[in-house]
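No value in this document is a laboratory result; all are computed from the given coordinates. It should be emphasised that the depicted structure is a prediction, and the values quoted were computed from it without experimental measurement. Ideal geometry is used to build each Cβ from the backbone, glycine not excepted, and the neighbour counts take in all protein chains shown.
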Amino acid sequence: MEYKVFIQTNDEQYLGALIAAYALKRNSRHADKFGVEIMHSRDYPWLQSHIGEKFLRGAEHRVWEKDDLQSFTPLRFTPPKSMNYQGRAVLIDPDCFAVGDVWELLTRDMQGKALMCRWRPPFKDLEGYRASSVMLLDNAKLTHWDAEKTFHELFTFKKDYMKWIKLEYEPEDTVGFFEPEWNDFDNLTPATKILHNTYRRTQPWKAGLPVDFTVRLKPKKAKPFPANIVKAVKRLVKETKPDVYLRHPDPKQEQLFFTLLGECLEKGIIDVDLVKREMAANHVRHDALELVQRRAA
């Protein structure tokens, strides 16, 4: 049986994808038994075929933007077809970093399920849902998956993006759930198998850069205008300040990323010029190389 891990990405997250690919092999005792493929959005022309058009996303019609941070998400559904509906695949986002052995996930007993993922519990105003950001796939049981076809159906409003991404079109009896540690949301403990820096605003390699993803808008309550004019001005400045990525609250997760980046630089998997280009493009924080050097000292 063929085993493969797929990482989806675009220009904005390409450096993360390279590091994610390295971590998968680095932390597996069976690195020679599975392949790793990075799926870059530019290699899938159909993702560019509806730019500027509206698609159905939950209760709203949103415009498809080429440069949105997560414009690659439809690629989550391409692995079964690309493997001719044979073998097993693991799909991860480019902000997912293996700290355990992914071979354990690739070869686990799926108990007859077509796919396995993590259940994301309700959070703030969001209901619980099936998280497709890390999936284990039995390709032979997913012959109905055709990512390009479904993508086009979003723009004729036959399919809903949110239902697709949350795997709501999959029959309940075909979906299994693995342990939260295989998709650990901004949580790094000794039990973590795959760390997912899922909260985009605090991704460790983005701190200080302008936000480049579509922010989910929430209805705001009207605020009374302060009697104190100084307070009013301060509030105005705060509300009009450009959105930027924040530093991750867990220093260990920042350390993990830049340790992995340092190893990639040492081994020639990533070169300094690439990091400099990514910094110039605002895809990576501008002190990235300084952080690597500081940890190597």
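Of the listed requirements (1) farther than 22 Å from Leu75 by Cβ; (2) out of contact with any Asp or Glu (no Cβ under 9 Å at 6 or more places or on another chain); (3) assigned to a loop (DSSP other than H, G, I, E, B), Thr156 misses just one: (1).
Looking at Glu172, is it acidic (Asp, Glu), free of Cβ contacts under 8 Å to residues at least 24 places away in the same chain and within 16 Å of Arg62 (Cβ to Cβ)? Criteria not met by Glu172. Taking the stretch 247-297 as the range and being without any contact (Cβ under 8 Å) to a residue 60 or more places away in the chain, closer than 18 Å to Leu188 by Cα, of a type outside the set (Ser, Thr, Tyr) and surrounded by 11 or more Cβ atoms within 10 Å (Cβ to Cβ) as the test, the residues that pass are Arg247, Glu254, Gln255, Phe258. Please determine whether any residue of the stretch 122-129 is in contact with a Lys or Arg (Cβ under 6 Å, 6 or more places away or on another chain), without any contact (Cβ under 8 Å) to a residue 40 or more places away in the chain and outside any loop (DSSP other than H, G, I, E, B). Yes, there is a match, as at least one residue in the stretch 122-129 is in contact with a Lys or Arg (Cβ under 6 Å, 6 or more places away or on another chain), without any contact (Cβ under 8 Å) to a residue 40 or more places away in the chain and outside any loop (DSSP other than H, G, I, E, B).
When the residues of the stretch 1-48 are filtered to those that are part of a helix (DSSP H, G or I) and small (Gly, Ala, Ser), which remaining residue is farthest from the chain's Cα centre (by Cα)?
Narrowing the stretch 1-48 to residues part of a helix (DSSP H, G or I): 11-26, 31-33, 41-43, 45-48.
Applying the additional criterion that residues be small (Gly, Ala, Ser) yields 16-17, 20-21, 23, 31, 41.
Details: Gly16: 9, Ala17: 9, Ala20: 11, Ala21: 13, Ala23: 15, Ala31: 22, Ser41: 13 Å.
Checking each candidate, the answer is Ala31.
Scanning the stretch 119-141 for residues that are surrounded by 21 or more Cβ atoms within 10 Å (Cβ to Cβ) and either of a type in the set (A, V, I, L, M) or within 22 Å of Leu195 (Cβ to Cβ) (or both) returns Ala131, Ser132, Ser133, Val134, Met135, Leu136, Leu137.
Of the residues making up the stretch 32-55, not a single one is surrounded by 21 or more Cβ atoms within 10 Å (Cβ to Cβ) and among the basic types (Lys, Arg).
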